[in-house]
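The structure appears right after this line, and notes come after that.
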Amino acid sequence: MTIPDIIIAIDGYSSTGKSSFAKKIARKFNFLYLDSGALYRGVTLFAQEEGFINRLAEINRALKDALAQLDLHFGAEGKLYMGPRCIEQQIRSMEVSAQVSPIAAVPYVRAWVDEKLREFGKKGRIVMDGRDIGTAVFPNAQLKIFMTASEQVRAQRRYDELVAKGENPLLEEVVKNLRERDYIDSHRETNPLRRAEDAFELDNSEMTFEEELAWVQGLIQGKFGIL
Ligand code: CDP
């Protein structure tokens, strides 16, 4: 199936499987996959390492100026780099997860990330996942999907992911982190997480990847009149 050069925006709560789904779509239809959350995580790691954020997640105002020097980019296999250093592993840690939502609520951080995302979007034929892609970054995206899944399923997925990466998390901590991030992400002032009116909702609590792909393929065929 060949599909046009559209932008596919995927938003939703934490650990709903957005990035795995987006990667599958990218592979299947030969699209470029972009993970907007990775950039927020990269800024958080930078702020932690450079001392712009303390243990209470208080953010030093000097971070705004420092962002001008920050080089975050996607390298081979879509992994995130800070300058020459691959930071993919570190940005997925619980330490970064614990502080990313307050950082992502800061308007100048969002503006910095948005500028990068829109630059990528100029190329077209991309699938991007996040919290505000269909509502704010690409409100004109031709296909918008809003993903949900039960809390139990989401927590177990994230827990398994962390264990597979060699971390030793407590399931309660993972649940607490998901709840906190969802709360902050949906209640912040600038571009909060919400379903765009024209987004199709996908609850994948009990779906396999194959079923998800069949669902999106049907959606694309229907929407763009492809046989
Ligand atoms: O853990 P998960 O993969 O679901 O989250 P992520 O996509 O890596 O995003 C990490 C955090 O970045 C979110 O909890 C939000 O606080 C923030 N984020 C955002 O505010 N807007 C986006 N478009 C993407 C992520």
Notebook entry, point to check: Considering amide H positions built from the backbone, and no H for Pro or chain starts, which residues 5 or more places from residue 13, or on another chain, come under 5 Å of its amide H?
Noted result: 147
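On a 1.4 Å probe surface of the protein chains, which of 144, 122 comes out largest in accessible area, and what is the full order?
On the way: 144 15, 122 155 Å².
The ordering from most to least exposed comes out as 122, 144.
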Check: Helix 94-104 versus the longest principal axis of the chain: what angle, 0 to 90°, nearest 10, using Cα atoms?
Finding: 80
Checklist line | Rotationally averaged projected area of the range 112-227 (alpha carbon convex hull; nm²) | finding: 9.1
Check: Which three extents, in whole angstrom, do the alpha-carbon atoms of the range 1-62 cover along their principal axes, largest first?
Finding: 50, 21, 15
Item checked: Equivalent-ellipsoid semi-axes of the chain, from the Cα gyration tensor, Å, largest first -> 28, 21, 16
Checklist line | Residue-wise HN-Hα coupling along the range 72-82, computed from phi with Karplus coefficients 6.51, -1.76, 1.60 (Hz; x: Gly, Pro) | finding: 10, 8, 8, x, 4, 6, x, 7, 8, 10, 10
Next item on the list: Compare the Cα positions of 51, 62, 164 along the charge dipole of the range 7-224 (+1 at Cβ of Lys, Arg; -1 at Cβ of Asp, Glu; about the Cα centre) and return the one farthest towards the positive end.
Entry: 62
Note to self: A 21 angstrom limit on the alpha carbon distance is what I want to check against. Which of 24/123; 23/176; 122/144; 123/144; 23/122; 28/223 exceed it?
What the structure shows: 23/176
Next item on the list: Compute the acute angle (0 to 90°) between the alpha-carbon long axis of helix 18-29 and the principal axis of greatest extent of the alpha-carbon atoms of the chain; round to the nearest 10°.
Entry: 40
Margin query: Can you tell me the orientation of helix 107-121 relative to the chain, as the angle in degrees between its alpha-carbon axis and the longest Cα principal axis, to the nearest 10?
Written below: 40
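Quickly estimate the mean residue ellipticity at 222 nm for the chain, helices only: each DSSP H run with n ≥ 4 gives -39500 (n - 2.57), and the total goes over all residues, rounded to 500. All intermediate terms of the calculation are to be shown ahead of the outcome.
On the way: 9 runs with 107 residues, N = 227.
Mean residue ellipticity, 222 nm, calculated: -14500 deg cm²/dmol.
To the nearest 0.05, what FRET efficiency results for residue 148 and residue 49 with a Förster distance of 30 Å applied to their C-beta separation?
It comes to 0.35.
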Margin query: Apply the a/c threshold of 1.5 to the C-alpha gyration tensor of the range 18-126 and tell me whether it is rounded, prolate or oblate.
Written below: prolate
Check: Sequence-distant or interchain residues sharing an amide H contact under 5 Å with residue 34, placed H: which?
Finding: 127, 128, 129
Notebook entry, point to check: Considering only 81, 17, 196, whose Cα is most displaced toward the positive end of the charge dipole of the chain, charges sitting on Cβ of Lys, Arg (+1) and Asp, Glu (-1)?
Noted result: 81
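The values are calculated or read from the model by the stated rules, or taken from the named source; none is laboratory data. Owing to the predicted nature of the structure, the values given are computational and were not obtained by experimental measurement. Methodologically, a virtual Cβ is constructed for each residue, glycine included, from the backbone with ideal geometry; neighbour enumeration extends over all protein chains shown. Side chains are part of the model used for accessible areas, which takes the heavy atoms of the whole protein and leaves out ligands, DNA and RNA. Shrake-Rupley method; radii C 1.70, N 1.55, O 1.52, S 1.80 Å.
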